[in-house]
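These notes are about the structure you will find just below.
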């Protein structure tokens, strides 16, 4: 059991016997005295991909889903199928494009460090590392005298993902990207 106040996006929760991944967590604190913090959680059913929104108080207990994890490597894309390989058993499996829609902008061929969530030898989904190093493919030219202040510009990464980066970043630079919030963290 895990308390609602301790939920993270990496948890998989059992709702009515079906595993759900956490897509978003928002918290709000009532202004009245004695008000409990409310956690609004958006879950995604791993089988049907349906969204489920629920609200909890900080002390509410939730049941974690029973699943196994395996480190996998992304191999290649063929049509709308993405092929992965279990790094321990070397077994390959395919996931459809719809199954990995949220992590697709981070996939680079031969990428390792990806975690597959599995139950009864069936892959429920994949989880990316919290940060990745990615190369900038294209962005407006860097400005002379640009400082590290809050002025930003859009940059397209090698996978097609667009993130806001500081003005001094140039094409060809390698940056660290937060995979959960899809934002620039720092230079690599």
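Taken together, the values in this text are just the output of simple stated rules run on the coordinates, not laboratory data. Quick caveat, the model's predicted, so the values are computed rather than measured. FYI the Cβ positions are ideal-geometry reconstructions off the backbone, even for glycines, and counts take in every protein chain you see.
Kirkwood hydrodynamic radius of the range 131-187, from the reciprocal of the average inverse Cα-Cα distance over all distinct pairs: 11.1 Å. Obtain the nm distance between the two label points defined at residue 111 and residue 127 by a simple spin-label model: each point lies 7 Å from its Cα along the Cα-to-C-beta direction. It is 1.6 nm.
State the volume of the convex hull built on the alpha-carbon positions of the range 1-111, expressed per residue in Å³ and rounded to an integer.
On the way: hull volume 13.5 nm³, N = 111.
Spread over its residues, the Cα hull of the range 1-111 gives 121 Å³ apiece.
Compute the convex hull volume of the Cα atoms of the range 2-62, divide it by the residue count, and report the result per residue in Å³ as a whole number.
Working: hull volume 4.4 nm³, N = 61.
Convex hull volume per residue, Cα atoms: 72 Å³.
Measuring nothing but how far apart in sequence close Cα pairs (under 8 Å, 6+ apart) lie, relative to its length, the range 37-108 scores a relative contact order of 18 percent. Taking the centroid of alpha carbons for each part, the range 13-92 and the range 109-188 are 22 Å apart.
Across every pair of different alpha-carbon atoms, what Kirkwood hydrodynamic radius in Å does the range 68-127 reach? Provide the component values of the computation, followed by the final result.
Details: mean 1/r = 0.0881 Å⁻¹.
Taking every pair of different Cα atoms in the range 68-127, averaging 1/r and inverting gives 11.4 Å.
What is the fewest-to-most order of 107, 157, 87 by other Cβ atoms lying within 10 Å of their Cβ? Can you show the working numbers first?
Details: 107 18, 157 23, 87 15.
By the 10 Å Cβ count, ascending: 87, 107, 157.
How high is the relative contact order of the chain, in percent, counting Cα pairs under 8 Å that sit 6 or more residues apart?
Details: 395 pairs, mean separation 25.7, N = 188.
After rounding, I find 14 percent.
Compute the length gained on full extension between residue 81 and residue 170: take 0.36 nm times their separation in residues and subtract their Cα-Cα distance, giving the result in nm to one decimal. The partial results should precede the final answer.
Details: separation 89, 0.36 × 89 = 32.04 nm, distance 3.29 nm.
Computed gain between residue 81 and residue 170 is 28.8 nm.
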